[in-house]
Amino acid sequence: MKVQLTAIFLCLAALASANNPLKIKVLDENKEPLTGVKITAVEEKVTLFTDFDGVGEVSQVQSPKVYRVEYVGYESSYVRITSSDKEDIKITLRKSGL
């Protein structure tokens, strides 16, 4: 019984670590975090927004996905995330010329 419980807990721990969200940090040209940046999975129309620290969390993806990063007054950007991406991503948005 103890061996079975230990095996179950080890499997759950492995699953939890495999599903760690990937963080996308969005900054302006002065390296200041941007709050409320819209991050949209292009093909799925799934949208999330950055928090006060400029961070949005994307669950690990099984296949490559492209995300559009947009904020009012700034040029939009795109980022491609794959299942092999393990490190957090930093994106710097530039002010638009309009």
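Scanning the range 50-81 for residues that are surrounded by fewer than 17 Cβ atoms within 10 Å (Cβ to Cβ) and of a type in the set (Phe, Trp, Tyr) turns up 52, 78. Hey, does the range 28-36 have a residue that's out of contact with any Leu (no Cβ under 7 Å at 6 or more places or on another chain), surrounded by 16 or more Cβ atoms within 10 Å (Cβ to Cβ) and either at pLDDT 85 or above or more than 17 Å from residue 87 (Cα to Cα) (or both)? Within the range 28-36 (the criterion being out of contact with any Leu (no Cβ under 7 Å at 6 or more places or on another chain), surrounded by 16 or more Cβ atoms within 10 Å (Cβ to Cβ) and either at pLDDT 85 or above or more than 17 Å from residue 87 (Cα to Cα) (or both)), the answer is no, since none of the residues qualifies.
The residue that is nearest to residue 96 (Cα to Cα), among those in the range 71-85 that are in contact (Cβ under 8 Å) with a residue 40 or more places away in the chain and either basic (Lys, Arg) or assigned to a strand (DSSP E or B) (or both), is 74.
Inspection of the range 53-70 identifies no residue that is modelled with pLDDT of 95 or more, in a loop (DSSP other than H, G, I, E, B) and farther than 12 Å from residue 24 by Cα. Candidates in the range 22-47 are the residues that are part of a loop (DSSP other than H, G, I, E, B) and touching a residue at least 24 places away in the same chain (Cβ under 8 Å); of these, the one that is farthest from the chain's Cα centre (by Cα) is 29.
The values are calculated or read from the model by the stated rules, or taken from the named source; none is laboratory data. In this text, all values refer to a predicted model and were calculated from it rather than measured experimentally. Quick reminder, even Gly has a Cβ in these numbers, built from the backbone with ideal geometry, and neighbours come from all protein chains shown.
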